[in-house]
Amino acid sequence: MEKYGYKFSFGPWNIHEGADPFGPPVRPTVAFGDKLATLKELGFDAMQFHDDDAVPDLDNLSAAEIKRQAEAMKRMLDDLGLVAEFVAPRLWEHPMTIDGAFTANDPAVRAYALERTKKTADIARYLGTDLMVLWLAREGTYLREAKDAVRATHQLLEAIDALLEYDPALRIIIEPKPNEPMDLAYIPTMGHALALGMQSRDPSRVGALVESAHAVLAGLDPADEMSFALAFGKLWSVHLNDQNGLKFDQDRSFGSVDLRRAFNQVRVLEENNFREVGMVGLDVKALRTQPAELATKHLRNSLRVFLRLVAVVRSLDKTRIDELRQARDYEELDWLVLDALMKNE
Ligand code: 3MF
Ligand code: MG
């Protein structure tokens, strides 16, 4: 498979049981080892992890036991010729974090969140990656008056600073999302994520990840969100997927809703040599209707769409595009893109 110099990843949550808020799982749980085998078979290079994907039940384990289990996971990856892209603290499921983690009103919860995330940093190090993704799932409110938003912003910054200090080699990637599970999140867009990072004790170690669906949920264009981060050398990972309008987070296959929007994401990644900086992560979920034995095609399709769009981007006549920009003939430019997208191979 021609991969044009890109490396690809997904997380174990992208092969899932299909439960939604209104219905139970519809597919059996797939063992982690089988997910790794699928990842390899489909031509991916790296696995993404929540801390407890790598070390289940880490809250109840000693530091030595966490190290032992993370190192065993690293050997499993090594044996398959795979790597870990990043580790993310799962700060949204534990009973302690019902009202948020770093921004909880209860100081005991904030202390738990920081201790938990330090363990995440340890696990990342044992897995051989310097990257931690912070998806700040419950850092926000259902009720505006429930928290002090100014204080919450400082609490997020303090947590980031504490982590940068704890592990001097760690790089933090903030994944913004405007809503869900919260009504309103404190870090909803790329602008918020980058501003927070720039205020930290070491801005050179704080970057960001754009998830296509999250940008759409914020009413923004994913390619422009990526471009904003790329402009400052801050786009260190992506979660490509698709999203049909302003509704629940769908994690649809990349390009399956809006191919033009997918094309533009690939275009900005191509034009800015993203492949030299980060991996292409696919945060996609199989439709709930998909039978178990067929529930990896969303990953296959997303990878294929990305690669086909790279070919489309590379086939474009750049001189012609410049001419059309200068002539301000954007209708002709529109046709050039549409024609390229509709061409058969
Ligand atoms: C959120 C994420 C993940 C989530 C995952 C759960 C790193 O968009 O990317 O956090 O945990 O999507 O379904
Ligand atoms: Mg994501």
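The values are calculated or read from the model by the stated rules, or taken from the named source; none is laboratory data. Treat the numbers as computed from the prediction; the structure is a model and nothing was measured. FYI the Cβ positions are ideal-geometry reconstructions off the backbone, even for glycines, and counts take in every protein chain you see. Protein only, heavy atoms only, side chains kept; ligands, DNA and RNA dropped before computing areas. Shrake-Rupley method; radii C 1.70, N 1.55, O 1.52, S 1.80 Å.
Restricting to the stretch 137-150, count the residues that are of a type in the set (K, R), surrounded by 12 or more Cβ atoms within 10 Å (Cβ to Cβ) and either over 14 Å from I187 (Cβ atoms) or touching a Lys or Arg at 6+ places or on another chain (Cβ under 8 Å) (or both).
Residues of the stretch 137-150 of a type in the set (K, R): 138, 144, 147.
Going one step further and asking which of them are surrounded by 12 or more Cβ atoms within 10 Å (Cβ to Cβ), we end up with 138, 147.
Next, from what is left, pick out any that are either over 14 Å from I187 (Cβ atoms) or touching a Lys or Arg at 6+ places or on another chain (Cβ under 8 Å) (or both): none.
Result for the stretch 137-150: 0.
Of all residues in the stretch 241-251, those satisfying the criterion of being away from ligand 1 (no atom under 11 Å from the Cβ) and either free of Cβ contacts under 8 Å to residues at least 12 places away in the same chain or not polar (S, T, N, Q) (or both) are D242, G245, L246, K247, F248. One residue stands out among those in the stretch 171-223 that are among the polar types (S, T, N, Q) and assigned to a loop (DSSP other than H, G, I, E, B): the one that is most open to solvent (accessible area, probe 1.4 Å), which is Q199. Between A137, A159, the distinction of being under 21 Å from G197 (Cα atoms), touching a strand residue (DSSP E or B) at 6+ places or on another chain (Cβ under 9 Å) and in a loop (DSSP other than H, G, I, E, B) belongs to A137 only. Of all residues in the stretch 256-285, those that are under 15 Å from N301 (Cβ atoms) have Cβ atoms under 6 Å from Cβ atoms of residues that are hydroxyl-bearing (S, T, Y) and crowded, with 22+ Cβ neighbours inside 10 Å, 6 or more apart or on another chain, in L282/S302; V284/S253; V284/S302. For the stretch 115-135, check the following and say yes or no: at least one residue is under 27 Å from D53 (Cβ atoms), within 16 Å of ligand 2 (Cβ to nearest atom) and aromatic (F, W, Y). Yes. In the stretch 36-72, which residues are open to solvent by less than 20 Å² (accessible area, probe 1.4 Å), within 30 Å of R304 (Cβ to Cβ) and either polar (S, T, N, Q) or in a helix (DSSP H, G or I) (or both)? Passing the criteria: L36, L39, Q48, A54. In the stretch 211-231, the residues that are of a type in the set (F, W, Y) form Cβ pairs under 8 Å with partners that are in a helix (DSSP H, G or I) and open to solvent by 10 Å² or more (accessible area, probe 1.4 Å), at six or more places apart or across chains, as follows: F228/G191; F228/L194. For the stretch 160-168, check the following and say yes or no: at least one residue is surrounded by 15 or more Cβ atoms within 10 Å (Cβ to Cβ), without any contact (Cβ under 8 Å) to a residue 24 or more places away in the chain, within 16 Å of ligand 1 (Cβ to nearest atom) and not charged (D, E, K, R). Scanning the stretch 160-168 turns up no residue that is surrounded by 15 or more Cβ atoms within 10 Å (Cβ to Cβ), without any contact (Cβ under 8 Å) to a residue 24 or more places away in the chain, within 16 Å of ligand 1 (Cβ to nearest atom) and not charged (D, E, K, R).
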